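Remarks on the structure that follows.
Every number here is computed from the coordinates shown, using simple stated rules; none is lab data. Every value quoted in this text rests on a predicted model; they were computed, and no experiment measured them. Every residue, glycine as well, gets a Cβ built from its backbone with ideal geometry; the counts of neighbours run over all protein chains shown.
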Amino acid sequence: MTAQELAAREKQPVQGQEKTRAGRYFLPDVDIYETNEALHLRADMPGVKDQDVEVTLENGILTIEGKVLIDTYQGLSPLYTEYNVGNYFRQFELNEALDESKISAKMKDGVLELELPKGEAAKPRRIEVKTG
Amino acid sequence: MALLRFRSDMGPTSGLLSLQEELERFLRNPNFSLGLSAYGEFPPINVFADSEGVLVIAESPGLDPKSLNLSVQGRSLTISGERKSDEPKDNAGYHRRERAVGRFSRSIQLPEDLDLSKAQAKYEAGLLTVRVPKAEESKPRQISIQAGR
């Protein structure tokens, strides 16, 4: 029996988009699930503090960006490394009609938790079938 | 010939670029042995040195600090725990599921000149940081010179 159920995924650099600022950006791993009321998103952004996350929704594009605190690594010389450090960036196109004013976000232990409530039009509705 | 050449290490974010290059150079450094653990296991680990000792940083977002276990034996440091999924309520459908969950355990071998009994750990912003100070006897010492008569 092994206690190792988890494998580490190598961080994927962001492709096809170039930032004016130097340095690599990585894609955060995400979970996205949908309930009747809302769309929920969780994104792993280790090393990012609450105040360094930016979430925007513009023209149906949801953008999440996290800036990593590099001060943590100041004055340290590496001996062995398995991961690289970088900012996080990812975008999603949303098809759902969402209530933008009700979007809530919080950061907990390096995980961004987003809740995007659906607008009235996108909620499932039961249509009554009349018997004639 | 370029008329203007910008130094790449200018400005506040350049710190990030030089850090990334430095980390890249040490990626899976064969001169440093982790012992039993291998690359690819969760959580990914970086090991650094500074004047005080060694710093082990593990990228492990979304853990309950109470479920994290740290232990030392001889020269090895073991990090174990469990990453739980926050199961959504009923009738939720997943669009994407990239964040792995489950139990993990890693043991790494640390250099000899450290005092593992004085190791300290903190968990912040999804980073587990373990600081292990140098052993007293391996710290630099001044040797006084006696003048001959």
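Looking at the stretch A:31-79, none of the trypsin sites (Lys or Arg not before Pro) sits in a DSSP loop with at most 10 other Cβ atoms within 10 Å of its own Cβ. Distance from the Cα centroid of the stretch A:60-103 to that of the stretch B:22-64 is 21 Å (rounded to whole angstrom). Database remark: amide H of residue B:114 closer than 5 angstrom to the amide H of B:135 (H placed geometrically; neighbours at sequence offset of 5 or more, or on other chains; Pro and chain starts carry no H). Legend: mean number of C-beta atoms from other chains within 10 angstrom of residue C-beta atoms, peptide B:39-51, equals 6. Between the amide H of residue A:69 and those of A:49, distances stay under 5 Å, these residues lying 5 or more places away or on another chain, with hydrogens modeled in the peptide plane. Helix B:14-25 and the long axis of chain B differ in direction by around 90°, with both axes built from C-alpha atoms. Loop exposure criterion: GluC sites (Glu not before Pro), DSSP state outside H, G, I, E and B, at most 16 other Cβ atoms within 10 Å. Applied to chain B, the longest stretch between such sites is B:1-51. Beyond 20 Å in Cα-Cα separation lie the following of the pairs B:66/B:122; A:49/A:102; A:19/A:106: A:49/A:102; A:19/A:106.
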